[in-house]
1. Here is a list: LEU258, LEU226. Which entry is under 28 Å from LEU372 (Cα atoms), in contact with an Asp or Glu (Cβ under 8 Å, 6 or more places away or on another chain) and at pLDDT 95 or above?
2. Filtering the stretch 322-336 down to residues that are surrounded by 23 or more Cβ atoms within 10 Å (Cβ to Cβ) and of a type outside the set (Gly, Ala, Ser), which residue is nearest to SER209 (Cα to Cα)?
3. Among the listed residues THR15, THR39, THR89, THR80, which satisfies the condition of being in contact with a helix residue (DSSP H, G or I) (Cβ under 9 Å, 6 or more places away or on another chain), more than 30 Å from ALA390 (Cα to Cα) and either of a type in the set (Ser, Thr, Tyr) or surrounded by 15 or more Cβ atoms within 10 Å (Cβ to Cβ) (or both)?
4. Looking at the stretch 88-111, which of its residues are polar (S, T, N, Q) and either touching a residue at least 24 places away in the same chain (Cβ under 8 Å) or closer than 20 Å to ARG170 by Cβ (or both)?
5. What pairs can you find where one residue is in the stretch 72-84 and more than 19 Å from TRP153 (Cα to Cα), the other is hydroxyl-bearing (Ser, Thr, Tyr) and in a helix (DSSP H, G or I), and their Cβ atoms are less than 8 Å apart, with a gap of 6+ or different chains?
6. Among residues belonging to the stretch 280-295 that are assigned to a loop (DSSP other than H, G, I, E, B) and of a type in the set (A, V, I, L, M), point out the one that is nearest to the chain's Cα centre (by Cα).
7. Taking only the stretch 177-194 into account, find how many residues are free of Cβ contacts under 8 Å to residues at least 24 places away in the same chain and under 22 Å from the mean Cα position of the chain (by Cα).
8. Which of the numbered conditions does PHE257 fail, given that it passes all the others? Conditions: (1) in contact (Cβ under 8 Å) with a residue 60 or more places away in the chain; (2) buried (at least 22 other Cβ atoms within 10 Å of the Cβ); (3) touching a helix residue (DSSP H, G or I) at 6+ places or on another chain (Cβ under 7 Å).
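The values are calculated or read from the model by the stated rules, or taken from the named source; none is laboratory data. Bear in mind that the values here come from a model prediction, so they are computed numbers and not experimental data. Don't worry about glycine lacking a Cβ; one is built from the backbone with ideal geometry, like all the others, and counts go over all protein chains shown.
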Amino acid sequence: MRVLILSINYWPEVTGIGAFTTYRAEHLAAAGHDVEVCTTFPYYPSWKVPPEYSGKLGLTEVRNGVRVVRSYAYIPNPVTSLRRILFETSFVIGVTLRALLRKRPDVLLVVSPPLGLTAPAILLTHLWGVPYVFDVEDLQPDSAADLGMLPGWAVRILYKLESAAYRHARLVTTLTPSMRRLIVAKGLAENKVELLEPRMDDSLKDLQSEEGSAFRRKYDLGEKFLVTHSGNMGVKQGLDVILDAAALSRADDSMLFLCVGDGADCERIKRRAAQLDLGNVRFLPLLDEKEFRGLLAASDVCLVTQQQAVSEIAFPSKIVTYLAAGRPIVVSVNPECEVADITRESGAGKVVEAENPAALLEAIRGLRREDLRKAGENAREYACARWSPARVLGELERALTTAAGPAMRSLAWKGFKP
């Protein structure tokens with residue numbers, strides 16, 4: 001099977017969509033399929049293109065059997081609503097031109113966001129007579145509307161693109177049962193929307209305590225009770241709740257909050273931490289694989305935070321990582337969302353309402369007084385049962401093979417309505 005993937009994020013990006021798309025593409029290639037990915041140059045979550053990729057209009061490289069075809073996109077920094085629109089528009093134009101030069105695939109896998117990929121998806125499926133699978137990683141129109149990130153006219157365009165994407169896709173896939181329910185509620189047939197959950201990293205089952213000890217020595221963390229947040233530091237994460245919890249606990253010098261990563265809101269969060277004079281908060285940049293393992297092994301409690309408004313429309317991949325690594329967690333989210341359900345079902349930690357620093361701090365203290373080892377064991381057991389690579393990636397391959405089916409050669413432009 002020849003698979004062409006359109007995705008705005010890919011390796012060497014290690015968080016969010018980039019990580020998802022990379023391990024999916026590499027699994028398909030390892031299984032014997034011909035896989036190409038049309039993407040842009042790496043930029044996320046720092047919104048900066050690494051020096052080795054900067055100044056190029058296009059590039060093709062091969063990694064682990066996957067041909068990665070990159071095209072130029074305007075990368076804004078800082079990110080504003082208008083600049084983000086320009087960024088996504090430039091990406092869609094570039095990736096469309098590059099995709100048109102590829103060999104005809106058997107199936108397209110289109111990863112959203114951005115919803116602008118609806119345009120090349122529909123164009124290519126009609127030009128080539130092949131189906132596309134629309135993979136929803138984030139309900140972008142709902143996020144934009146709830147957070148006020150875009151003007152009203154832009155949100156309305158996103159909803160129209162979303163509707164067109166769903167209507168013309170052979171299959172729509174998404175990450176969690178709650179996201180699937182929200183998509184079905186938009187008017188899609190139940191059998192057109194399938195669940196493709198994230199997979200855990202099997203190597204995290206083998207974390208060693210010495211990895212954590214080495215990390216603590218390198219960063220002079222001593223025996224501090226380490227509370228960590230890692231990954232994207234954007235608006236949706238609502239990271240102010242961590243700073244406010246740290247402010248409430250500034251008298252406790254045995255506890256340290258460690259924020260690791262980068263993102264659109266990172267510099268503001270750092271400035272606010274400095275203004276509050278929070279000596280119990282430290283920041284580290286994105287870590288390589290070895291150091292990230294050390295971070296996980298060193299962490300006593302890991303945090304998942306989200307703004308109240310986005311808890312039902314996005315799924316933070318970090319919870320899969322934390323549970324696979326056997327880390328106790330505290331989640332500051334909408335209590336009715338998928339992340340909260342997973343935390344309660346797994347017995348891996350505690351749930352508190354979003355944007356409530358006092359509740360967050362009390363949950364951390366409560367978990368510290370309890371059996372952290374048992375919470376960690378519960379976490380890893382749950383991750384292995386729900387997100388095993390064999391099951392999750394097997395479902396991906398089955399979904400794409402089924403969707404490819406008979407080629408859609410009967411499609412024609414006549415009568416087509418976007």
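1. On the way: LEU258 fails: in contact with an Asp or Glu (Cβ under 8 Å, 6 or more places away or on another chain).
The match here is LEU226.
2. Residue satisfying both the conditions and the ranking: ARG327.
3. Working: THR15 fails: more than 30 Å from ALA390 (Cα to Cα); THR39 fails: more than 30 Å from ALA390 (Cα to Cα); THR80 fails: in contact with a helix residue (DSSP H, G or I) (Cβ under 9 Å, 6 or more places away or on another chain).
When all the criteria are applied, what remains is THR89.
4. Within the stretch 88-111, the first condition is being polar (S, T, N, Q), and the residues that meet it are 89-90, 96.
Selection gives THR89, THR96.
5. So the pair list comes out as TYR72/SER90; ALA73/SER90; TYR74/SER90.
6. Step one: filter the stretch 280-295 for residues assigned to a loop (DSSP other than H, G, I, E, B), giving 280, 285-288.
Imposing the further condition that a residue be of a type in the set (A, V, I, L, M) reduces the set to 286-287.
Numbers: LEU286: 15, LEU287: 17 Å.
Applying the filter and picking the extreme gives LEU286.
7. Counting residues in the stretch 177-194 that are free of Cβ contacts under 8 Å to residues at least 24 places away in the same chain and under 22 Å from the mean Cα position of the chain (by Cα) gives 4.
8. (1)
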